[in-house]
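The block underneath contains the structure these notes are about, expressed in structure tokens.
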Amino acid sequence: MRRVPSGSHTVTVSASELHMPARRSELGAARKYAGEVAKAFGLDADACYEFVYAVNEAVTNAIRHGASDEDGMVHLSVVADADRLTFAVSDRGTFTMPVLDSAETVEHGRGLALMASLVDEVQLYIEPGGTTVRLSKTRAPEPVRARTG
Amino acid sequence: MRSFYIADDVQIDDDDCPDVAVVALGGEVDYEVSPQLRTRVVRAIKEGRRRLILDLTDVTFIDSTAIGVIAGAVERLDEAGGGSLAVVCTHEKVLQILEITGLDSVITLYRSRDEAVSALALAG
């Protein structure tokens, strides 16, 4: 935990990281981690499912691209502030253009659109040294309690 | 313990449907599973099956790579001269993903395997 200034307020920020091998068999662990983070943050069941889904897509992409990563790892990190949960997925691989037949072409290209549909913000950074996807979801505000007395 | 299963040896009690194949899946269908799904779908089409039923009744999660395999199956059936793909699904979240990706517009959705088999038998 660390405290950072945000405007005129000070908000509590929690952060954690996880590094995992770029292997398909790790996807279940990535979803479990994302689910625990989302639940602890206070997302409701629907929002948790959506968040986990988006994370799974980002990690899947990282595993695909990250095959050329020197250490073969995918890096996950989480930052949570007062009302926003952000999950970053990074790999150090490179994009390649696969040679696809028509059926294979039809198979591709839905991941990013799904991510965008299921979380509030998707940021994609493609750099020579790798790729990072940042997924953010905002927690629904707590209902305002009526003042009494 | 695996979090999914996949089976393409599903028998249907209808001799009138020789070109029907059923592939049943369960659990979390992700990038670890989707290549296995593709293998089974491609094999069924190569064997001459033109009416495929994907039974997703027990599926709780389906990622974009598996959605892609299903869309690819529709394309492969077209390339093979035509066919149909029926998907059995009742899981609310899985249905939501089918809807977001627009897959629900290129497949026929059923609430049970029996319903899908009956519809294919009538169509056949």
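The values are calculated or read from the model by the stated rules, or taken from the named source; none is laboratory data. Since this is a predicted model, take the numbers as computed values, not measurements. So basically every Cβ, Gly included, is an ideal-geometry build from the backbone, and we count neighbours across all protein chains shown.
Only one of the numbered conditions (1) at pLDDT below 90; (2) surrounded by fewer than 16 Cβ atoms within 10 Å (Cβ to Cβ); (3) among the charged types (D, E, K, R) is not met by A:GLU121, and that is (1). Restricting B:ILE107, B:ILE67, B:ILE45 to residues that are within 14 Å of chain A (Cβ to nearest Cβ) and under 19 Å from A:GLU50 (Cβ atoms) narrows the list to B:ILE67.
The sole residue among B:SER84, B:SER105 that is free of Cβ contacts under 8 Å to residues at least 24 places away in the same chain and either surrounded by 16 or more Cβ atoms within 10 Å (Cβ to Cβ) or not hydrophobic (A, V, I, L, M, F, W, C) (or both) is B:SER105. Quick one: in region A:93-133, of everything that is of a type in the set (D, E, K, R) and more than 13 Å from chain B (Cβ to nearest Cβ), which residue is farthest from B:SER34 (Cα to Cα)? Residue satisfying both the conditions and the ranking: A:GLU127. Taken over region B:29-42, the criterion of being within 12 Å of chain A (Cβ to nearest Cβ) and closer than 17 Å to B:ILE62 by Cα is satisfied by B:VAL29, B:ASP30, B:TYR31, B:GLU32, B:VAL33, B:SER34, B:PRO35, B:GLN36, B:LEU37, B:ARG38, B:VAL41. Checking B:LYS46 against (1) more than 26 Å from A:LEU118 (Cβ to Cβ); (2) buried (at least 17 other Cβ atoms within 10 Å of the Cβ), only one condition comes out false. Which one? Tallying (1) more than 26 Å from A:LEU118 (Cβ to Cβ); (2) buried (at least 17 other Cβ atoms within 10 Å of the Cβ), B:LYS46 fails exactly one: (2). Quick test of your reading of the structure: A:VAL37 fulfils all but one of (1) farther than 17 Å from A:THR131 by Cβ; (2) over 11 Å from the mean Cα position of the chain (by Cα); (3) more than 10 Å from chain B (Cβ to nearest Cβ); (4) not hydroxyl-bearing (Ser, Thr, Tyr). Name the failing condition by number. Answer for A:VAL37: the failing condition is (2). Could you tell me whether B:THR57 is closer than 21 Å to A:TYR49 by Cβ, of a type outside the set (Gly, Ala, Ser) and more than 10 Å from chain A (Cβ to nearest Cβ)? Against the criterion (closer than 21 Å to A:TYR49 by Cβ, of a type outside the set (Gly, Ala, Ser) and more than 10 Å from chain A (Cβ to nearest Cβ)), B:THR57 qualifies.
The conditions are (1) in a helix (DSSP H, G or I); (2) surrounded by 15 or more Cβ atoms within 10 Å (Cβ to Cβ), and B:ASP78 fails exactly one of them. Which is it? With respect to (1) in a helix (DSSP H, G or I); (2) surrounded by 15 or more Cβ atoms within 10 Å (Cβ to Cβ), B:ASP78 is out only on (2).
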